[in-house]
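Since every read-out is calculated from the coordinates, none of them should be taken as a lab result. Everything numeric here is computed off the predicted structure, so don't read it as measured data. Glycine also receives a Cβ, built like all others from the backbone with ideal geometry; neighbour counts cover every protein chain displayed.
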Amino acid sequence: MRFSLNRKRFKDLTEQQILALAISSEEDDAQIYRLYAERLRAEYPDSAAVFDGMAEEEDGHRQLLIDLHRQRFGEVIPLIRREHVSGYYSRRPVWLVENLGLDRMRAEAAAMEQQAAHFYHAAAVRSQDAATRKLLGDLAAAESGHQAEADRLTDAHLDPETRQSEDSRAHRQFILTWVQPGLAGLMDGSVSTLAPIFATAFATHDTWTTFLVGLAASVGAGISMGFTEAASDDGELSGRGSPVKRGLASGVMTTLGGLGHALPYLITDFWTATIIAIIVVFVELWAIAWIQNRFMETPFFRAAFQVVLGGALVFAAGVLIGSG
């Protein structure tokens, strides 16, 4: 709260501070584009060249702003950044966006340009100096036109065949790094925890005990699957990507798969909790079959038969053991 109260409002900024904010923002955006380019260079060199070009554009804007500041206010530029201004647009962490793939980076770059154009429009309206107002207005127009510039750079570096090839590689990498280990975790968590949860449920008829067993089984399985996936392959030779990402996907989805049918046992009535848990199991198994069909190109009915039959057998084993 103290940090929020100490932030300046945009309408209270002086023209010098507005110029300083614009300079720091251009520096940040250029650095973000360079980080995107560096992240993509090995696998997608043509898309990296597009982001290199966008970074150079931001450098040019920054230099124009610095020249104007030097003319009007001298050499010393005030230190003011996005986080110092209340309501000013922020940037998503680079590590978050770059982990979401090529298309997400492209979409984020388009959003960045739109936000920058809006800022320059607002700043131009505030300015009383003709030269400053003209430059800010020109920059607003430039940022608004950056999508056209991005398209030009894309056309220069990415012919349709190259773009299709990069998109195909990006999709394949997404499957290998996130979907495949996540699906394996979801299957393991959903199926392997059925027996201990329902065996406990029918052996004790105690919903709280059942929930605790389900929670322990889910978390334990998640930790085990996550570490196993991360340690099994460093991704260098297989091309499956970061072991940390794969381990995270596998561990989280394993835990969620088990918790799905453990959480209903927070309900105190045994049969109500059990019926809801069975419905959840049914939904989980069909969801797994759909994911296999959607991302792994497994025929839906074959996937459904394998998953549902396997889950039904494990479920039956748990009930029989618990009832015995």
**Prompt:** Charges only on Cβ, +1 for Lys and Arg, -1 for Asp and Glu: so what's the dipole of the range 1-74 about the Cα centre, in debye to the nearest 20?
**Reply:** 680
**Prompt:** Going by how many other Cβ atoms sit within 10 Å of their own, how do 250, 86 line up, fewest first?
**Reply:** 86, 250
**Prompt:** With each pseudo-label sitting 7 Å past Cα toward Cβ, what's the residue 209-residue 86 distance in nm, one decimal?
**Reply:** 5.7
**Rg/Rg_ref, the range 164-323, where Rg_ref = 2.2 N^0.38 Å and atoms are Cα** = 1.11
**Item:** Pairwise FRET efficiency - residue 287 versus residue 219, Cβ, R0 = 30 Å, nearest 0.05
**Value:** 0.90
**Asked** Alpha carbon centre of the range 292-324 versus the range 9-76: separation in Å?
**Response** 54
**Request:** Add +1 for every Lys or Arg and -1 for every Asp or Glu among the other residues with Cβ under 14 Å from the Cβ of residue 253, and state the total.
**Result:** -1
**Request:** Would you mind computing, in nm to one decimal, how far apart the modelled labels at residue 8 and residue 294 are, each placed 7 Å from Cα along Cα→Cβ?
**Result:** 4.7
**Prompt:** Between residue 114 and residue 279, what length in nm is gained on full extension when 0.36 nm per residue of separation is reduced by their alpha carbon distance?
**Reply:** 54.9 nm
**Prompt:** Looking at the range 16-86, which GluC sites (Glu not before Pro) are in a loop (DSSP not H, G, I, E or B) and have at most 13 other Cβ atoms within 10 Å?
**Reply:** 75
**Message:** Run the numbers for residue 323 and residue 130: contour at 0.36 nm per residue of separation, minus the present Cα-Cα distance, in nm.
**Reply:** 61.0 nm
**Item:** Filtered GluC sites (Glu not before Pro), the range 201-294: DSSP coil and at most 13 other beta carbons within 10 Å
**Value:** 236
**Request:** List 44, 88 from most exposed to least, where exposure is judged by having the fewest other Cβ atoms within 10 Å.
**Result:** 88, 44
**Message:** Whole angstrom only: what separates the Cα centroid of the range 126-144 from the Cα centroid of the range 184-240?
**Reply:** 58
